[in-house]
2 protein chains.
Amino acid sequence: MKNLAIVLVSGGMDSCVTTAIAKQTFEVAFLHLNYGQRTESREFRAFHNIADYYDVGKRLIVNIDYLKQIGGSSLTDSSIKIPRRSLSNQTPAEIPSSYVPFRNTHIIAIAVSWAEVIGAEKIFIGAVEEDSSGYPDCRKSYYEAYNKLIEVGTKPETHIEIVTPVIDMKKSEIVRKGIELEAPLHLTWSCYGNSDLACGECDSCLLRLRGFREAGVEDPIGYVRPDG
Amino acid sequence: MKNLAIVLVSGGMDSCVTTAIAKQTFEVAFLHLNYGQRTESREFRAFHNIADYYDVGKRLIVNIDYLKQIGGSSLTDSSIKIPRRSLSNQTPAEIPSSYVPFRNTHIIAIAVSWAEVIGAEKIFIGAVEEDSSGYPDCRKSYYEAYNKLIEVGTKPETHIEIVTPVIDMKKSEIVRKGIELEAPLHLTWSCYGNSDLACGECDSCLLRLRGFREAGVEDPIGYVRPDG
């Protein structure tokens, strides 16, 4: 029998491909977070579609919409504008307003607590550093520091570790890896703005579209503005 | 004007004395967590009483009762017995069942997110290592690791740091420090079992009672069994 791993599945492309990678070695349990993000219900649907595709029984959905109480991000605070940039200006010098301060720390803490209870030994997360949105909590150094925290902050007999298999990949490599492993990219959702047709304009859509273009593959989901 | 610090105030003695210490240098904002613990409403009342005593305007109460979904602790899972020990066996060799796996990581993550938004530079927490209940997330090494995580996981322009002023103190020293700084110990609540008169039997009551006894001071709150 395979050992158990938790995969953080937002419903986006990176977590979907991360799942496909985790599945090669582990039995997987899926964790999804609702935190009052604008496209919450659309991401939730993508999560269950991907879980169904992989026939995942253990699913935990946790509501952390207290992040709204804290504020500070355009993803959870409707008074802050979602950033839209042209494709010619893809790599942001500053942290975008869609950044939820320290968000991944909350999410991974939930995963670690759950891992202690269900006996999972790995936590897979589809964080991307190279080609990322510039969030501080998507860097390799952040996950290295988190693994040290887990080591000292959990029971001595547990050995839980965060694994970030796509962190060094470009979006185009993630697309190619997903196709190679038959990940259900058609079921994923990345857009921060819309819930029916992806906007094609937000950071997340632009990064995704560029990834597919560079991979020479057509994105299977629908867009309002497919060319950005 | 004083700089701003967040204090994690459970309503217990340690966080109350930690507040008194923080107040010497900082303007304070109070963070309290409800997580479905058995004595939630009693702790909540103690929190507000202490906040009123110190005239604290900025109060954030966050509900993380999703910890109940995860389970694994007698504090949030009523099917697990609360440990009761005799006074002669105070220092546990094993982690007790009241341990909520990785709980402090969740709580501090909330404090860090809030600190980024309100511009606080310190997070005070009344963790105690020497005389503690044996939780892995109450050790100095844990907070050192967490400070590294904060350094890499937050915006470069922020410098948020966890401060643990009572971590090396024995309970009796905490009692004495509280009295020295006129901390409102009579408003605090430590019992894990009861909400009217403290049980005097749970881990938390026993540690507290021993602290007062060793300090040669009478505990100002009421007990069912004042001698343990």
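Every number in this text was worked out from the coordinates using simple rules, so none of it is lab data. It should be emphasised that the depicted structure is a prediction, and the values quoted were computed from it without experimental measurement. Counting neighbours? That spans all protein chains shown, and the Cβs are built from the backbone with ideal geometry, glycine included.
Can you list the distances in nanometres, one decimal and ascending, from the B:D168 label point to the identical position in each other copy, with the point 7 Å along Cα to Cβ?
The answer, with the shortest distance listed first, is 4.2 nm.
Shortest first and in nm to one decimal, what separations exist between A:I118 and its copies in the other chains, measuring from label points 7 Å along the Cα-to-beta-carbon line?
Once sorted, the set of distances for A:I118 reads 3.4 nm.
In 10 Å bins starting at 0, how do the alpha-carbon pair distances of segment B:143-186 split up by percent?
24, 33, 22, 21, 0
Calculate the mean, over all residues of peptide A:56-67, of how many other protein chain Cβ atoms lie within 10 angstrom of the residue's Cβ.
3
Using 0.36 nm per residue, how much length does the chain from A:E214 to A:E180 gain when fully extended, once their Cα-Cα distance is taken away?
Values: separation 34, 0.36 × 34 = 12.24 nm, distance 1.57 nm.
Additional length available on full extension: 10.7 nm.
Please work out the FRET efficiency for the pair B:E130 and B:T25, using the Cβ-Cβ distance as r and a Förster radius of 30 Å; give the result to the nearest 0.05.
Once rounded, the FRET efficiency stands at 0.80.
Short version: ³J(HN,Hα) in whole Hz for each residue of segment B:196-210, in order, from phi by Karplus 6.51 cos²θ - 1.76 cosθ + 1.60 (θ = phi - 60°), x for Gly and Pro, what are they?
Calculated HN-Hα couplings, in order: 10, 9, 4, 6, x, 10, 6, 3, 5, 4, 4, 5, 5, 4, 4 Hz.
Alpha carbons only, please: Rg and Dmax for segment A:127-228, in angstrom.
In order Rg, Dmax, the Cα atoms of segment A:127-228 give 16.4, 52 Å.
Using modelled backbone amide H atoms (1.01 Å from N, in-plane), which distant-in-sequence or interchain residues come within less than 5 Å of B:I162's amide H?
The answer is B:I123.
Using a label point 7 angstrom from Cα along Cα-to-C-beta, what distances in nm, from shortest up, separate A:G71 from the other copies?
3.9
Please report, in debye to the nearest 20, how large the charge dipole of segment A:163-228 is about its Cα centre when each Lys and Arg carries +1 at its beta carbon and each Asp and Glu carries -1 there.
Numbers: 8 positive and 11 negative charges, 23 e Å.
Its charge dipole is roughly 120 debye.
Taking 2.2 N^0.38 Å as the expected size of a compact globular protein, what ratio does the Cα radius of gyration of segment B:1-57 give against it, to two decimals?
1.10
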